[in-house]
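A short write-up of the structure that comes next.
The values are calculated or read from the model by the stated rules, or taken from the named source; none is laboratory data. Keep in mind that what you see is a predicted model, and the values were worked out from it rather than measured. When we count neighbours, we look across all protein chains shown, and the Cβ atoms used for this are built from the backbone with ideal geometry, even at glycine.
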Amino acid sequence: MITKQKGTYDIYGDEAKKRAYVNDILATLCEKYNYNYIETPVFEASELFHRGVGETTDMVQKETYDFKDRGERALTLRPEGTASVVRWFIENKLYGNMSDPVKVFYNAKMYRYERPQSGRNREFTQWGFECFGSDDVMSDAEVISLAYNAYRFLGLDDVKVKLNSLGDTASRMKYRESLIAYFEPHIHELCEDCQERLKKNPLRILDCKVDAEKDIIKKAPVILDYLNEESASRFKKLQELLDLMDINYEVDDRLVRGLDYYNHTVFEITLNDSYALGGGGRYNDLVETLGGPSISGIGFAMGYDRTLLAIEENGVNIPINNSIDVYILYVSDTEKETAAYLTQDLRLNGIIAETDMLGKSLKSQFKSVDRFQAKYYIVLNDDDLKNNEVVVKDNKTKEEEHVKINDLVDYIDMHM
Ligand code: HAM
């Protein structure tokens, strides 16, 4: 038997319905914030992620699905959405005439070669959004607000934003030096990866999953002490805006995020202080790094699968409709023809209709009525049809009514 690959999953039944409901809520919310939907390809040139996300990140070093196609092109299945959207932004020269920020959202499958566990898969969905062209803290506040409210609209009222600032390049360089000086004498106490990170990207040490609990990491200098005046004042202004917007946040001076492109604002959304349900931040140099002009960006991505798990674990009720509106039963050939056009007519008028497609007995068709939890059913009958009418039966009350065929759609509509 050929089975699905480790860390992947099929989506069907109630799970698919739940996702459709969640997608609807998220898309509607994005529209309110005036973000437009975007789809980018599943695979891109490997260089996009290697350069964009950063060569020294875990994601690029250990997690990307890299392959060569038959034309020997080096390709990568997208591990995240930001670099792809930046590529789109540059390729379409959307920076050319930017009188307003460009704002887009996506809902897409991502691929990372990780050790699968609850809420961590190799193929997973991210709902994310990006905003280009504003360096004003208003855009930081907007992005954080959209991320935060998305969870609240999904019924997760207790989410919290963990917020930090990585400052501008100058602040970070100063911090980087102090981290190297701090870790260097103790570097042998840390894992092999951290030893490598020391010179290449010491901030990554703070993000290490192996050494996270070690004192040496816990007592490391914090970035907030190294922010220059401008970066510190920017961070303070952002917090003032978040206060005004009544957003539940907490400054977490340990938060550095696992991707290289961030500066200034970084944030994650958590529930009950467990793993991140989503994360994002500002990336003012990424457009330039990937070959575009100097244009700032900020965005966020929700771990969709983790969010669905959280919804389930927190007992949030997602309405799932497993019932149909009308089932049409028949026996004779003329009744069958009527069933064909009546179901079509009902469906085209927004009514969920079913009929038999297996030549079942009437008794078996009645079983389908119950299995589909039909609200109404109609047993076609040649005599009724001669009078251009059908008998509609309410499956709950078992009350029935003669209805003219021409009035059927209106009748069902009125009674739903
Ligand atoms: P990220 O933190 O790598 O950021 O991923 C965002 C979220 O995706 C995580 O918080 C997590 O919930 C979810 N996630 C990550 N890996 C997995 C996995 N293997 N299985 C299930 N869920 C996962 C980014 O990807 C950035 N592009 C976010 C961003 C957008 N920053 C700016 N704009």
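Out of the residues in the range 95-115 that are assigned to a loop (DSSP other than H, G, I, E, B), modelled with pLDDT of 95 or more and not basic (Lys, Arg), state the one that is farthest from Lys62 (Cα to Cα).
At the first step, the residues of the range 95-115 found to be assigned to a loop (DSSP other than H, G, I, E, B) are 95-101, 112-115.
Those still in the list that are modelled with pLDDT of 95 or more too: 100-101, 112-113.
Among the residues that remain, those that are also not basic (Lys, Arg) are: 100-101, 113.
Working: Asp100: 38, Pro101: 34, Tyr113: 7 Å.
Here the residue is Asp100.
Right, Asp243: closer than 23 Å to Asn149 by Cβ and surrounded by fewer than 16 Cβ atoms within 10 Å (Cβ to Cβ) or not? Even if it seems obvious, please write down each step before you answer.
Numbers: closer than 23 Å to Asn149 by Cβ: yes; surrounded by fewer than 16 Cβ atoms within 10 Å (Cβ to Cβ): yes.
In short, yes.
Pairs under 6 Å by beta carbon, first residue within 30 Å of Asn23 (Cα to Cα) in the range 315-337, partner of a type outside the set (S, T, N, Q) and surrounded by fewer than 13 Cβ atoms within 10 Å (Cβ to Cβ), six or more apart or different chains?
Ile320/Asp14
Could you check, for the range 53-67, whether at least one of its residues is within 11 Å of the ligand (Cβ to nearest atom), under 21 Å from Phe267 (Cβ atoms), under 19 Å from the mean Cα position of the chain (by Cα) and modelled with pLDDT of 95 or more?
There is no residue in the range 53-67 that is within 11 Å of the ligand (Cβ to nearest atom), under 21 Å from Phe267 (Cβ atoms), under 19 Å from the mean Cα position of the chain (by Cα) and modelled with pLDDT of 95 or more.
Quick test of your reading of the structure: Gln373 fulfils all but one of (1) assigned to a helix (DSSP H, G or I); (2) touching a residue at least 12 places away in the same chain (Cβ under 8 Å); (3) surrounded by fewer than 15 Cβ atoms within 10 Å (Cβ to Cβ). Name the failing condition by number.
All conditions are met except number (1).
Could you tell me how many of the residues in the range 255-300 are without any contact (Cβ under 8 Å) to a residue 12 or more places away in the chain and hydroxyl-bearing (Ser, Thr, Tyr)? Let's see the steps before the verdict.
The first filter runs over the range 255-300 and keeps only residues without any contact (Cβ under 8 Å) to a residue 12 or more places away in the chain, leaving 274, 288, 294.
Restricting the remaining residues to those that are hydroxyl-bearing (Ser, Thr, Tyr) gives 274, 294.
So the answer is 2.
Select, from Ala74, Ala83, the only residue that is assigned by TED's automatic domain parsing to the domain that holds Gly128, exposed (fewer than 13 other Cβ atoms within 10 Å of the Cβ) and in contact with a helix residue (DSSP H, G or I) (Cβ under 6 Å, 6 or more places away or on another chain).
Numbers: Ala83 fails: exposed (fewer than 13 other Cβ atoms within 10 Å of the Cβ).
Ala74 is the lone residue from the list that is assigned by TED's automatic domain parsing to the domain that holds Gly128, exposed (fewer than 13 other Cβ atoms within 10 Å of the Cβ) and in contact with a helix residue (DSSP H, G or I) (Cβ under 6 Å, 6 or more places away or on another chain).
Every residue in the range 224-270 that is within 16 Å of the ligand (Cβ to nearest atom), of a type outside the set (Val, Ile, Thr) and part of a loop (DSSP other than H, G, I, E, B), please.
Of everything in the range 224-270, those that are within 16 Å of the ligand (Cβ to nearest atom), of a type outside the set (Val, Ile, Thr) and part of a loop (DSSP other than H, G, I, E, B) turn out to be Asp252, Arg254, Leu255, Arg257, Gly258, Leu259, Asp260, Tyr261, Tyr262.
Give the range 179-195 a look and list any residue that's over 36 Å from the mean Cα position of the chain (by Cα) and not hydrophobic (A, V, I, L, M, F, W, C), or say none.
Scanning the range 179-195 gives Tyr182, Glu184, Pro185, His186, His188, Glu189.
Output the residues belonging to the range 104-152 that are free of Cβ contacts under 8 Å to residues at least 40 places away in the same chain and either buried (at least 20 other Cβ atoms within 10 Å of the Cβ) or in contact with a helix residue (DSSP H, G or I) (Cβ under 6 Å, 6 or more places away or on another chain) (or both).
Met110, the sole residue that qualifies.
How many of the residues making up the range 80-103 are within 11 Å of the ligand (Cβ to nearest atom) and either among the hydrophobic types (A, V, I, L, M, F, W, C) or farther than 25 Å from Arg19 by Cα (or both)? Explain how you work it out, then say what you get.
Taking the range 80-103 and keeping what is within 11 Å of the ligand (Cβ to nearest atom), we get 80-86.
Imposing the further condition that a residue be either among the hydrophobic types (A, V, I, L, M, F, W, C) or farther than 25 Å from Arg19 by Cα (or both) reduces the set to 83, 85-86.
Within the range 80-103, residues that are within 11 Å of the ligand (Cβ to nearest atom) and either among the hydrophobic types (A, V, I, L, M, F, W, C) or farther than 25 Å from Arg19 by Cα (or both) number 3.
Before we move on, is Ile318 away from the ligand (no atom under 15 Å from the Cβ), hydrophobic (A, V, I, L, M, F, W, C) and either assigned to a loop (DSSP other than H, G, I, E, B) or within 24 Å of the chain's Cα centre (by Cα) (or both)?
yes
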